[in-house]
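Accompanying notes for the structure given below.
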Amino acid sequence: MRLVVAECSVDYAGRLSAHLPPARRLIMLKADGSVLVHADGGSYKPLNWMSPPCSLETEEPDADLVASGVQEVWRVRHGKTGDVLIIRIHERFVDETVELGSDPGLVKDGVEADLQRLLAEQIDLLGEGHTLVRREHMTAIGPVDILARDPEGAAVAVEIKRRGEIDGVEQLTRYLELMNRDPHLAPVIGVFAAQEIKPQARTLAEDRGIRCVTLDYDAMRGVEIGPARLF
């Protein structure tokens with residue numbers, strides 16, 4: 001990756017047009033061919049960019065540009081659309097190239113599989129006296145996340161989501177309809193469990209006799225988080 005801090009102006013021409021007047025900015029040139037122009041703000045989002053495939057050509061500025069203080073012109077052209085990003089360099093302060101190597105990618109924590117495993121291990125979060133029958137109980141249309149028994153021995157079908165929305169309630173409703181046809185299971189109680197349950201989903205679930213349970217992922221894995229939370 002090449003990192004350039006420079007006083008520059010930027011123009012984008014193509015399906016839309018945009019102009020950034022001269023200012024000190026960070027220009028990132030990545031190994032995949034992308035070029036991104038960042039300001040010291042706006043979090044992760046660049047002010048302007050060109051996605052790969054694209055090519056970079058360096059040009060000498062004409063007399064008028066030289067008179068306005070431009071030292072170098074970069075023309076970044078997209079290989080498919082023909083869009084052009086023109087970066088006019090007035091002054092360079094930093095120009096460094098760093099080899100980052102291959103990246104293993106983001107490993108997500110707190111996905112549904114993690115929630116399912118933890119809830120199976122802590123099945124009493126559904127209520128005292130609940131017992132686990134199995135994870136991934138198969139139905140004719142797919143597996144319900146957890147099959148359990150309540151203190152009275154009634155079957156409990158649990159569908160787990162990170163964010164509980166109406167689609168998840170509909171999914172659990174279909175599972176319950178099939179499971180209640182099985183004389184060895186019926187009647188089956190439905191539980192919709194998620195880290196966050198949208199109000200519309202909660203209303204629909206309760207209207208269908210499905211109990212909602214909010215899961216605290218950090219508490220389930222024994223991690224104490226202070227008042228400041230990243231997400």
Review point. Lys pairs in the chain, Cα-Cα under 25 Å, at least 8 apart or on separate chains: how many?
Key: 8
Review point. With the other protein chains left in place, how much accessible area per residue, in square angstrom, belongs to region 88-170 at a 1.4 angstrom probe?
Key: 60
Practice item. Putting +1 on Lys and Arg Cβ atoms and -1 on Asp and Glu Cβ atoms, find which of M220, A113, P46 reaches farthest to the positive end of the dipole of the chain. Key: A113
Review point. Hey, in the GNM for the chain with a 10 angstrom Cα cutoff, which one of D167, D64, D114 fluctuates hardest?
Key: D64
**Study point:** Charge tally in the Cβ shell below 12 Å around D83, where Lys, Arg are +1 and Asp, Glu are -1, D83 excluded
**Key:** +3
Practice item. Could you check which residue among L125, L185, L65 shows the biggest mean-square fluctuation in a GNM of the chain with a 10 Å Cα cutoff? Key: L65
Check your understanding: Fully extended, how many nm does the chain gain between K45 and S17 (0.36 nm per residue separation, minus their Cα-Cα distance)?
Key -> 8.3 nm
Revision key, fill the gap. Among region 172-195, those whose backbone N falls under 17 Å of a label point 7 Å along Cα→Cβ from A154 are 173, 176-193
Check your understanding: Which order do H137, H184 take by accessible area at a 1.4 Å probe, largest first?
Key -> H184, H137
Point to revise | Heavy-atom SASA rank of K198, K45, K161, K80 (probe 1.4 Å, accessible area, largest first) | key: K80, K45, K198, K161
Practice item. Run the numbers on the chain and let me know its relative contact order in percent, using alpha-carbon pairs under 8 Å that are six or more apart. Key: 13
**Study point:** Amide H within-cut-off set for C212, under 5 Å, with H built and near neighbours excluded
**Key:** F192
Check your understanding: What is the magnitude of the charge dipole of the chain about its Cα centre, with +1 placed on the Cβ of each Lys and Arg, -1 on the Cβ of each Asp and Glu, and no other charges, expressed in debye to the nearest 20?
Key -> 420
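The values are calculated or read from the model by the stated rules, or taken from the named source; none is laboratory data. Quantities reported herein were computed from a predicted structural model and do not represent experimental measurements. Please note: Cβ atoms are built from the backbone with ideal geometry, for glycine as well, and neighbour counts cover all protein chains shown. All accessible areas refer to the heavy atoms of the entire protein, side chains included, with ligands and DNA or RNA removed. Shrake-Rupley method; radii C 1.70, N 1.55, O 1.52, S 1.80 Å.
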